[in-house]
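One structure below.
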Ligand SMILES: [Zn+2]
Ligand SMILES: [Zn+2]
């Protein structure tokens, strides 16, 4: 399976996953023009996307949805609550309403909805599998509930929210109300909660940890890197940011991970990475 973050952060999220010709997006929270620019750098043809899955209606997850899905006529899978909350009026033929625990097959991919605690109407996360490898996109987690723990335990590749540094949030300029919203159990998880969840639930099958959905106001890439990197010697470790797309990664059925293209300004650059760090016989 191939996967990358096109954008990740409290201002916009978009993740790409593919197996052969079957490609999907999870969320599209940056505008279509920027999605197209980043896809071009990664060598992704927007017309190759077969479905868009939406986790919830907050703007940082749907900003580019309407224009992109209409432009390329891509079906959208979304819960009734998220669709209602989005206030979007999409062409009926593009909207597929699904329960938050849905299992949807898109070609060789199975996409599984994972209900979560978050201050939205009917939110869920998604785990995507080709039957061998599980890639999990876990952001906007109010708390480390049993669903989150279960997913971490069964992930080969995990993109996990690491939203805020507790100190920066406490001392920052957000209102008391907003600070409490974030840490209420219905908002986001902190760096230390994400680390605890990771350390307590990681299994040997986990080969790649990507931290994402960093707050622009209350977190930094350096803090997340300092906190997590010492625990990631034996796995591939990345931080997905708002500023640019990640590399395109591929995990094969032997759970070997490589970088198949690097998002630089030459589309044709194919770099077979030296980051083949960990191989499993599982
Ligand atoms: Zn949200
Ligand atoms: Zn969000």
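A short reminder: the numbers here are calculations on the coordinates, not readings from a lab. This structure is a prediction, so every number in the text was calculated from the model and none was measured. Positions of Cβ are generated from backbone atoms using ideal geometry, with glycine treated the same way; all protein chains shown enter the neighbour counts.
Using a simple spin-label model with pseudo-atoms 7 Å out from Cα toward Cβ, residue 244 and residue 192 lie 3.3 nm apart. Taken over the chain, the alpha-carbon convex hull comes to 119 cubic angstrom per residue. Between residue 256 and residue 67, residue separation times 0.36 nm minus the direct Cα-Cα distance comes to 64.4 nm. The slack in the chain from residue 149 to residue 21, taken as 0.36 nm per residue of separation less the alpha-carbon distance, amounts to 43.0 nm. Each of 241, 129 was scored by other Cβ atoms within 10 Å of its Cβ. Arranged with the fewest first, they read 241, 129. If you run the Gaussian network model on the chain, springs between alpha carbon atoms under 10 Å, then out of 83, 15, 174 the most flexible one is 174.
Here the residues 45, 27, 119, ranked from fewest to most Cβ neighbours within 10 Å of their Cβ, fall in the order 45, 119, 27. The DSSP beta bridges internal to segment 6-63 are antiparallel in roughly 60% of cases. In terms of its C-alpha gyration tensor, segment 68-205 comes out oblate, because a/c is 1.5 or above while a/b does not outweigh b/c. Ranking of 118, 254, 93 by neighbouring Cβ atoms within 10 Å, starting from the fewest: 93, 254, 118. Which residue fluctuates most in the GNM of the chain (Cα springs below 10 Å): 138, 248, 90? Result for the chain, Cα springs under 10 Å: 90 fluctuates most.
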